[in-house]
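Taking it in order: structure first as structure tokens, then the write-up.
The values are calculated or read from the model by the stated rules, or taken from the named source; none is laboratory data. Since the model is a prediction, treat every value here as computed from it, not as a measurement. We place every Cβ from the backbone using ideal geometry, glycine too, and count neighbours over all the protein chains shown.
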Amino acid sequence: MRVRILGSAAGGGCPQWNCACPVCEAARVTSRPETGTRTQDSVAVSGDGRIWHLVNASPDIRTQLVTTAELAPGPGLRQTPLSSVLLTTAELDHTIGLLSLREAIELTVHATATVTAALEPMRQMLAAYTSVDFRPFEPELPGGLTLRRLTVGAKRPRYATTTGDDWVSALRLTDARSGSSFVYATCLPAWTEEFDEFVAGADEVLLDGTFGSDDELTRSTGRPGSAASMGHLPIVASRERLARHPGTRFRYGHLNNTNPAAGPDIATDGLDLPLR
Ligand code: MLT
Ligand code: MN
Ligand code: ZN
């Protein structure tokens with residue numbers, strides 16, 4: 001299976017347009033990736049290297065798609081390797097990109113009933129442009145992948161007026177032939193027993209790297225909001241749990257622009273995870 005990190009930042013990206021924090025300023029000096037420039041969280045996955053699925057549709061989706069050779073259209077005039085979009089939340093930084101896919105001939109989106117209900121206004125808008133089909137998650141995806149889902153969070157987006165239980169999901173994608181598996185969990189409020197079982201035996205896990213510590217946002221911008229209040233387990237807390245899974249490679253994605261973390265376990269835009 002193939003897994004490509006298209007974007008590794010939380011909502012706003014890095015630099016965020018109106019943020020002059022030290023991390024954004026450093027990223028602004030030059031736009032080279034090594035200075036920390038990040039587009040917003042989205043991952044492309046494929047079982048066979050030909051049929052691809054997006055995990056979340058970020059506001060940066062157009063740039064992410066046109067700079068990824070594997071996702072280029074053809075050979076048919078409007079043929080695309082993109083088969084479906086899997087939404088793990090209804091947050092705007094994971095869903096606005098759907099509006100940028102309105103040129104599609106048809107669009108398949110997998111989401112929980114909770115997320116689907118919240119997105120009713122966006123679904124209505126999209127329906128005027130393309131044939132959009134919101135469906136529940138299914139255990140098999142085209143291209144040889146199997147899928148498991150776990151509800152990990154109950155945080156409703158600020159704009160949402162609907163109710164439900166399954167606001168935030170983690171996904172486990174497995175290559176039906178090689179058995180390799182990838183877990184996506186970039187919005188993880190807590191490391192529960194259930195989540196521990198969910199990641200057990202996975203080859204690669206993309207974890208919640210929004211904040212390094214619980215008070216990072218306030219310390220660096222003066223704005224209110226702990227990591228916990230925003231539904232994000234900070235890196236300092238999740239790192240303690242990794243030793244229990246020695247055979248699994250953990251990396252962090254969805255970095256908020258206040259988070260200066262760098263190093264081999266921090267995902268970067270364009271990273272291909274080494275999977276069989
Ligand atoms: C989150 O990840 O907590 C949300 O995307 C927050 C937001 O964008 O407002
Ligand atoms: Mn987010
Ligand atoms: Zn910033």
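Restricting attention to the range 38-60, the residues that are within 24 Å of G231 (Cα to Cα) and in contact (Cβ under 8 Å) with a residue 60 or more places away in the chain add up to 5.
Going by the structure shown, is S42 within 16 Å of ligand 2 (Cβ to nearest atom), modelled with pLDDT of 95 or more and surrounded by 15 or more Cβ atoms within 10 Å (Cβ to Cβ)? Yes.
Kindly evaluate L173 against the criterion of being under 20 Å from the mean Cα position of the chain (by Cα), surrounded by 19 or more Cβ atoms within 10 Å (Cβ to Cβ), closer than 19 Å to H94 by Cα and in contact (Cβ under 8 Å) with a residue 60 or more places away in the chain. Please lay out each step first, then the result.
Details: under 20 Å from the mean Cα position of the chain (by Cα): yes; surrounded by 19 or more Cβ atoms within 10 Å (Cβ to Cβ): yes; closer than 19 Å to H94 by Cα: yes; in contact (Cβ under 8 Å) with a residue 60 or more places away in the chain: yes.
Yes: the conditions hold for L173.
Would you confirm whether or not the range 90-97 contains a residue that is away from ligand 2 (no atom under 16 Å from the Cβ), among the small types (G, A, S) and farther than 24 Å from G212 by Cα? Don't jump to the end; show me each part of the working.
At the first step, the residues of the range 90-97 found to be away from ligand 2 (no atom under 16 Å from the Cβ) are none.
No, the conditions are met nowhere in the range 90-97.
Taking the criterion of being among the β-branched types (V, I, T) and within 21 Å of Y252 (Cβ to Cβ), the residues of the range 35-67 that qualify are T35, T37, T39, V43, V45, V55.
Condition first: over 22 Å from G201 (Cβ atoms), in a loop (DSSP other than H, G, I, E, B) and either small (G, A, S) or within 18 Å of the chain's Cα centre (by Cα) (or both). Can you find one or more residues in the range 236-252 that meet it?
First pass over the range 236-252, keeping only residues over 22 Å from G201 (Cβ atoms): 236-237.
Those still in the list that are in a loop (DSSP other than H, G, I, E, B) too: none.
Within the range 236-252, not a single residue is over 22 Å from G201 (Cβ atoms), in a loop (DSSP other than H, G, I, E, B) and either small (G, A, S) or within 18 Å of the chain's Cα centre (by Cα) (or both).
Scan the range 209-228 for residues that are part of a loop (DSSP other than H, G, I, E, B) and either within 16 Å of ligand 3 (Cβ to nearest atom) or not charged (D, E, K, R) (or both) and jot them down.
Within the range 209-228, the subset part of a loop (DSSP other than H, G, I, E, B) is 209-215, 222-227.
Across the range 209-228, the qualifying residues are G209, T210, F211, G212, S213, D215, G222, R223, P224, G225, S226, A227.
Only one of T108, T114, T95 is more than 16 Å from ligand 1 (Cβ to nearest atom), β-branched (V, I, T), outside any loop (DSSP other than H, G, I, E, B) and under 30 Å from P189 (Cα atoms). Can you tell me which? Step through it out loud before you land on a result.
On the way: T114 fails: more than 16 Å from ligand 1 (Cβ to nearest atom); T95 fails: more than 16 Å from ligand 1 (Cβ to nearest atom).
Exactly one residue qualifies, and that residue is T108.
Could you check the range 219-231 and list, in sequence order, the residues that are of a type in the set (S, T, N, Q) and within 15 Å of ligand 1 (Cβ to nearest atom)?
Going through the range 219-231, the residues of a type in the set (S, T, N, Q) turn out to be 220-221, 226, 229.
Selection gives T221, S226, S229.
Here's a check for you: in the range 166-208, which residue that is assigned to a loop (DSSP other than H, G, I, E, B) and touching a helix residue (DSSP H, G or I) at 6+ places or on another chain (Cβ under 6 Å) is nearest to ligand 1 (Cβ to nearest atom)?
Step one: filter the range 166-208 for residues assigned to a loop (DSSP other than H, G, I, E, B), giving 166-167, 176-180, 186-192, 200-203.
Add one more test, that the residue is touching a helix residue (DSSP H, G or I) at 6+ places or on another chain (Cβ under 6 Å), and what stays is 166-167, 191.
Working: D166: 16, W167: 11, W191: 17 Å.
Looking at residues that are assigned to a loop (DSSP other than H, G, I, E, B) and touching a helix residue (DSSP H, G or I) at 6+ places or on another chain (Cβ under 6 Å), I get W167.
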